[in-house]
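A.B. asks: Attaching a single structure in structure tokens format; questions to follow.
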């Protein structure tokens with residue numbers, strides 16, 4: 001892959017990327033979560049990078065349309081980092097591997113900071129003010145979150161600058177790095193499957209009055225935790241790759257299956 | 001007190017704005033403390049909005065969408081607690097409890113959208129294949145617009161048209177159906193991961209997938225950072241070996257060339 005280190009993005013483009021990161025969840029769905037918005041936010045920058053190179057743009061779009069679920073307030077960091085890689089036309093494997101490796105830890109950090117720490121504190125303080133009839137409660141609440149939103153510019157520039165520095169050093173060994181990035185990505189996907197796909201069988205088999213066997217707790221979990229989750233992922237993988245089944249069919253089947261099994265009390 | 005048509009429309013417009021913010025998680029104006037205050041403002045009783053907002057916010061501070069589970073909807077909780085306190089003169093805490101069915105109603109609607117919006121991804125894949133950027137933008141706008149309309153409609157119906165009827169509707173919804181949406185939400189990411197593996201997973205990478213999976217299964221920890229660190233360790237391991245192999249080869253080549261020169 002030719003690596004021409006021409007910079008095509010300026011500060012304005014990164015500022016725009018930071019704002020557009022608000023669209024992260026615009027096309028949210030359970031199959032690929034934030035993918036459509038994640039791509040949408042990066043489109044202006046990607047268009048500028050690839051210009052007339054339709055194939056390059058298409059490859060970048062396809063990659064960015066893969067499953068992603070990260071934290072809205074921190075996503076700018078990831079977008080900035082990846083866009084700097086796109087700009088220097090880094091190997092697609094590196095970009096993809098980095099993305100897959102980073103989004104989940106970033107989500108975990110973001111949830112811990114914003115949902116579990118900041119919200120209870122800010123909500124607690126502001127609510128007590130509001131309950132006493134002070135309009136300062138909601139106003140302070142709003143200002144705090146406005147400041148958090150403004151941080152998106154900081155995160156996005158941080159990611160971008162970091163990427164630019166890193167990319168300069170990695171271009172000559174990109175093949176090896178791409179492989180290493182894929183290793184990292186696959187490790188994290190393994191973890192993602194265990195934590196994002198949840199299948200809980202509710203069925204209990206009554207042996208006699210003294211003993212009932214809960215299929216999930218006494219059977220599946222005893223074999224291996226999350227065995228149904230990874231099993232279902234590989235079943236889908238098999239249908240997609242070997243049988244060339246359309247993902248739409250798989251989504252419909254999964255959705256109907258979930259409702260039907262819920263009706264019979266199995267899931 | 002009755003809600004007037006103008007107030008109903010005002011609340012619907014407000015719901016569209018904060019509803020879109022809820023969808024995007026942008027400015028957090030979808031939290032009950034803000035929503036209730038705005039509702040109070042529209043109804044002409046800011047004090048009431050502040051009090052119900054404070055109480056509802058406290059109750060909802062622990063209900064977060066972190067980790068992919070969808071909590072009862074904070075927008076409807078904020079609107080309805082204030083509206084119920086306003087129309088029926090109930091205490092703020094009781095009004096908050098009475099608002100819960102509406103909060104659940106919107107939660108189910110959002111869950112349903114999360115599942116069904118998956119169908120947009122086929123068009124998105126096509127757009128990516130054809131480098132059609134406008135289509136991606138269109139899908140994003142369509143999804144957000146559907147959510148905005150639903151918020152406006154539901155809030156208008158719940159506040160102005162048929163508060164009681166909407167409540168009854170939530171109560172007759174069978175548990176298996178609403179539970180079914182949650183189950184679908186738990187399984188559908190499997191299709192997304194399978195799509196991801198379809199492009200990334202070559203046989204040589206299966207070991208790393210298994211390592212990540214096993215660690216996540218037995219590690220009781222709130223985020224995936226430890227697994228990412230293990231991933232980095234494995235990646236460095238592979239990187240060092242492959243790099244040494246390459247430079248090793250290069251050294252060998254030079255040595256061979258020198259030998260040839262010698263001859």
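A.B. asks: Can you find a residue in region B:41-57 that is surrounded by 24 or more Cβ atoms within 10 Å (Cβ to Cβ) and under 16 Å from residue B:110 (Cβ atoms)?
C.D. replies: No; the residues of region B:41-57 include none that is surrounded by 24 or more Cβ atoms within 10 Å (Cβ to Cβ) and under 16 Å from residue B:110 (Cβ atoms).
A.B. asks: Regarding region A:112-133, can at least one residue be identified that is within 13 Å of chain B (Cβ to nearest Cβ) and part of a loop (DSSP other than H, G, I, E, B)?
C.D. replies: Quick first cut of region A:112-133, residues within 13 Å of chain B (Cβ to nearest Cβ) only: A:112-133.
From the residues that got through so far, the ones that are part of a loop (DSSP other than H, G, I, E, B) too are A:132-133.
Yes, the conditions are met somewhere in region A:112-133.
A.B. asks: In the set B:168, B:90, B:178, B:116, which member is surrounded by fewer than 21 Cβ atoms within 10 Å (Cβ to Cβ), modelled with pLDDT under 90 and either within 14 Å of chain A (Cβ to nearest Cβ) or in contact with a strand residue (DSSP E or B) (Cβ under 8 Å, 6 or more places away or on another chain) (or both)? I'd like the intermediate steps shown before the answer.
C.D. replies: Details: B:168 fails: either within 14 Å of chain A (Cβ to nearest Cβ) or in contact with a strand residue (DSSP E or B) (Cβ under 8 Å, 6 or more places away or on another chain) (or both); B:90 fails: either within 14 Å of chain A (Cβ to nearest Cβ) or in contact with a strand residue (DSSP E or B) (Cβ under 8 Å, 6 or more places away or on another chain) (or both); B:116 fails: modelled with pLDDT under 90.
When all the criteria are applied, what remains is B:178.
A.B. asks: Let me ask you something else. Can you find, within region A:240-251, the residue that is surrounded by the most Cβ atoms within 10 Å (Cβ to Cβ) among those that are at the interface with another protein chain (Cβ under 8 Å from one of its Cβ atoms) and over 22 Å from the mean Cα position of the chain (by Cα)? Quick ask: steps written out before the conclusion?
C.D. replies: Narrowing region A:240-251 to residues at the interface with another protein chain (Cβ under 8 Å from one of its Cβ atoms): A:240-241, A:246-248, A:250-251.
After this cut, where a residue has to be over 22 Å from the mean Cα position of the chain (by Cα) as well, the list is A:241, A:246.
Details: A:241: 15, A:246: 12.
In this case the residue turns out to be A:241.
A.B. asks: How many residues, within region B:5-38, are away from chain A (no Cβ under 14 Å) and either buried (at least 22 other Cβ atoms within 10 Å of the Cβ) or within 16 Å of residue B:147 (Cα to Cα) (or both)?
C.D. replies: Keep residues of region B:5-38 that are away from chain A (no Cβ under 14 Å), which gives B:5-13, B:15-16.
Applying the additional criterion that residues be either buried (at least 22 other Cβ atoms within 10 Å of the Cβ) or within 16 Å of residue B:147 (Cα to Cα) (or both) yields B:11-13, B:15-16.
Total satisfying the criteria: 5.
A.B. asks: When you scan region A:37-55, do you find a residue that is surrounded by fewer than 23 Cβ atoms within 10 Å (Cβ to Cβ), closer than 25 Å to residue B:202 by Cα, more than 16 Å from the chain's Cα centre (by Cα) and at pLDDT 90 or above, even just one?
C.D. replies: Yes, some residue in region A:37-55 is surrounded by fewer than 23 Cβ atoms within 10 Å (Cβ to Cβ), closer than 25 Å to residue B:202 by Cα, more than 16 Å from the chain's Cα centre (by Cα) and at pLDDT 90 or above.
A.B. asks: Right, something else. Every residue in region A:48-66 that is assigned to a loop (DSSP other than H, G, I, E, B) and in contact with a helix residue (DSSP H, G or I) (Cβ under 7 Å, 6 or more places away or on another chain), please. Please lay out each step first, then the result.
C.D. replies: Applying the first criterion (assigned to a loop (DSSP other than H, G, I, E, B)) to region A:48-66 yields A:51-53, A:65-66.
Hits for region A:48-66 are A:65, A:66.
A.B. asks: I've got another one for you. Among the residues of region B:183-215, how many are more than 7 Å from chain A (Cβ to nearest Cβ) and more than 24 Å from residue B:242 (Cα to Cα)?
C.D. replies: Here the count works out to 1.
A.B. asks: Name the residues in region A:65-96 that are at the interface with chain B (Cβ under 8 Å from one of its Cβ atoms) and more than 24 Å from residue A:145 (Cα to Cα), would you?
C.D. replies: Within region A:65-96, A:65, A:66, A:67, A:96 qualify.
A.B. asks: In region A:216-238, what count of residues is obtained for those that are surrounded by 16 or more Cβ atoms within 10 Å (Cβ to Cβ) and more than 23 Å from residue B:191 (Cβ to Cβ)?
C.D. replies: 1
A.B. asks: Oh, and also: Condition first: within 8 Å of another protein chain (Cβ to nearest Cβ) and in contact with a helix residue (DSSP H, G or I) (Cβ under 6 Å, 6 or more places away or on another chain). Can you find one or more residues in region B:62-84 that meet it?
C.D. replies: yes
A.B. asks: Among the residues in region B:139-149, are any touching a residue at least 40 places away in the same chain (Cβ under 8 Å), in contact with a helix residue (DSSP H, G or I) (Cβ under 7 Å, 6 or more places away or on another chain) and closer than 18 Å to residue B:71 by Cα?
C.D. replies: yes
A.B. asks: Could you go through region B:95-113 and let me know if any residue there is touching a strand residue (DSSP E or B) at 6+ places or on another chain (Cβ under 9 Å) and in contact (Cβ under 8 Å) with a residue 60 or more places away in the chain. Steps first, answer last, please.
C.D. replies: Just the residues of region B:95-113 that are touching a strand residue (DSSP E or B) at 6+ places or on another chain (Cβ under 9 Å), to begin with: B:113.
Keeping just the survivors that are in contact (Cβ under 8 Å) with a residue 60 or more places away in the chain gives none.
Within region B:95-113 (the criterion being touching a strand residue (DSSP E or B) at 6+ places or on another chain (Cβ under 9 Å) and in contact (Cβ under 8 Å) with a residue 60 or more places away in the chain), the answer is no, since none of the residues qualifies.
A.B. asks: Right, something else. Scan (1) facing chain A (nearest Cβ under 7 Å); (2) at pLDDT 85 or above for the single condition residue B:219 breaks and write down its number.
C.D. replies: Here residue B:219 meets the rest and fails (1).
A.B. asks: I'm checking my understanding of the structure. Among residues of region A:191-217 that are touching a residue at least 60 places away in the same chain (Cβ under 8 Å) and over 30 Å from residue A:102 (Cα atoms), which one is farthest from the other protein chains (Cβ to nearest Cβ)?
C.D. replies: My answer is A:203.
A.B. asks: Please work out which one of (1) facing another protein chain (nearest Cβ under 7 Å); (2) at pLDDT 85 or above; (3) within 30 Å of residue B:53 (Cα to Cα) is the condition residue A:147 fails and give its number.
C.D. replies: Every listed condition holds for residue A:147 apart from (1).
The values are calculated or read from the model by the stated rules, or taken from the named source; none is laboratory data. Because the structure is predicted, anything quoted here is derived from the model rather than measured. Virtual Cβ from ideal backbone geometry, glycine too; neighbours counted across all protein chains shown.
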